[in-house]
Amino acid sequence: MASASPRRRELLKMIGIRDFTVMPASSEAAYPASLPPDEAVKYIAMCKAESIAPQVGGDSLVIAADTVVCLGGRILEKPSGPEDAKRMLGQLSGRRHTVYTGIALIRGDERISDCAASDVWFRELSSREIDAYVASGQPLDKAGSYGAQDMAALFVERVDGEFWNVVGLPVCRLGQLMASIGEEII
C-alpha cells in the first residue's frame with residue numbers, strides 16, 4: 001500500500017486484506033492544473049504507485065490512492081493549518097460537494113487506474129461547531145478538512161455514491177479493479 005493513511009489501512013483490513021506492507025510514497029506529486037478532478041486523482045494515485053513499484057518488484061501488487069474534495073469546480077486539499085480548515089468547513093457548510101478518489105494498481109508491467117466520485121451534503125454548521133471540530137485536530141490531515149468517519153459524521157446529511165470513497169478508499173471499486181487483474185478478494 002503506497003499510502004501512510006491509517007484510514008486506508010483499516011479499510012483494507014476491513015475487506016479481508018491483511019497481508020500487506022505499508023510503503024508511503026516518498027513525496028506528494030503535483031497534478032497538471034489542466035486536469036479535471038477525476039483525472040487529477042488518478043494521475044496522483046498512479047504517481048504514488050509508480051514511486052513504490054520499483055521497490056517491491058516482481059508479482060507484488062502495489063495499491064495507491066489519492067482523495068480530494070471538490071466544491072464548485074475547485075479542489076480543496078488538506079488544510080495548511082487551523083484557519084485554513086475553518087475557512088474550508090465554512091465553505092462546505094450547507095452545501096453539496098464531491099469527493100473524488102483515484103486508485104492505481106501496479107503489478108509487474110500491468111498498470112490500471114480508476115476513480116470513484118461521491119456527492120456529499122453538509123448541513124448548516126455554526127461557527128462554534130466549526131471551531132470545536134478544528135480544535136479537536138481531526139480535520140488537519142484530511143482533504144477538505146473533514147473525515148466522515150470521525151466527529152464530522154455529525155455534519156453529513158447525505159452521501160450519493162460509495163460511502164467508503166468519502167473516507168478515502170472506495171473499496172467496492174478497488175475490489176472490481178483487483179478482480180479485473182485476477183486478484184479476487186472474496
Practice prompt. Within region 150-164, identify whether any single residue is in contact with a helix residue (DSSP H, G or I) (Cβ under 9 Å, 6 or more places away or on another chain), assigned to a loop (DSSP other than H, G, I, E, B) and under 14 Å from residue 99 (Cβ atoms), and answer yes or no.
Written response: yes
Worksheet item: Being of a type in the set (Lys, Arg), under 24 Å from residue 147 (Cβ atoms), in contact (Cβ under 8 Å) with a residue 24 or more places away in the chain and touching a Lys or Arg at 6+ places or on another chain (Cβ under 9 Å), is that true of even one residue in region 65-78?
Response: yes
Practice prompt. Give 90, 102 a once-over and let me know the one that is in contact with a strand residue (DSSP E or B) (Cβ under 6 Å, 6 or more places away or on another chain), modelled with pLDDT of 95 or more and either closer than 22 Å to residue 12 by Cβ or surrounded by fewer than 18 Cβ atoms within 10 Å (Cβ to Cβ) (or both).
Written response: 102
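Yes or no, residue by residue, for (1) free of Cβ contacts under 8 Å to residues at least 12 places away in the same chain; (2) within 21 Å of residue 78 (Cα to Cα); (3) in contact with a Cys (Cβ under 9 Å, 6 or more places away or on another chain):
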| residue | (1), (2), (3) |
| --- | --- |
| 142 | no, yes, no |
| 155 | no, yes, no |
| 168 | no, yes, no |
| 173 | no, no, yes |
| 183 | no, no, no |
Practice prompt. Scan region 19-74 residue by residue and report those that are of a type in the set (Gly, Ala, Ser) and over 9 Å from residue 2 (Cβ atoms).
Written response: 26, 27, 29, 30, 33, 34, 40, 57, 58, 60, 72, 73
Practice prompt. Could you tell me whether any residue of region 64-77 is closer than 30 Å to residue 181 by Cα and either at pLDDT below 85 or aromatic (Phe, Trp, Tyr) (or both)?
Written response: no
Item to complete: Within region 134-151, work out how many residues are exposed (fewer than 15 other Cβ atoms within 10 Å of the Cβ) and touching a strand residue (DSSP E or B) at 6+ places or on another chain (Cβ under 9 Å).
Response: 0
Item to complete: Starting from region 116-134, take each residue that is in a strand (DSSP E or B) and list its partners that are among the aromatic types (Phe, Trp, Tyr), counting only C-beta distances under 7 angstrom and pairs at least six apart or across chains.
Response: 117/100; 122/155
Discussion item. Within region 53-87, take every residue that is basic (Lys, Arg) and part of a helix (DSSP H, G or I) and give me the one that is surrounded by the fewest Cβ atoms within 10 Å (Cβ to Cβ).
Written reply: 87
Item to complete: For residues that are among the aromatic types (Phe, Trp, Tyr) and under 14 Å from the mean Cα position of the chain (by Cα), scanning just region 151-184, find the one that is farthest from residue 112 (Cα to Cα).
Response: 163
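Per-residue answers, yes or no, for (1) loosely packed, with under 15 Cβ neighbours inside 10 Å; (2) under 18 Å from residue 71 (Cα atoms):
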position: 132; (1), (2): yes, no
position: 153; (1), (2): yes, no
position: 160; (1), (2): yes, yes
position: 171; (1), (2): no, no
position: 178; (1), (2): no, no
position: 182; (1), (2): yes, no
position: 186; (1), (2): yes, no
Worksheet entry | region 1-49 - residue that is among the acidic types (Asp, Glu) and part of a loop (DSSP other than H, G, I, E, B) and, of those, farthest from residue 108 (Cα to Cα) | 28
Practice prompt. Test each condition in (1) of a type in the set (Ser, Thr, Tyr); (2) loosely packed, with under 14 Cβ neighbours inside 10 Å; (3) within 20 Å of the chain's Cα centre (by Cα) for residue 127 and report the one that comes out false.
Written response: (3)
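The values are calculated or read from the model by the stated rules, or taken from the named source; none is laboratory data. Keep in mind that this is a model prediction, so the values were computed, not measured. Please note: Cβ atoms are built from the backbone with ideal geometry, for glycine as well, and neighbour counts cover all protein chains shown.
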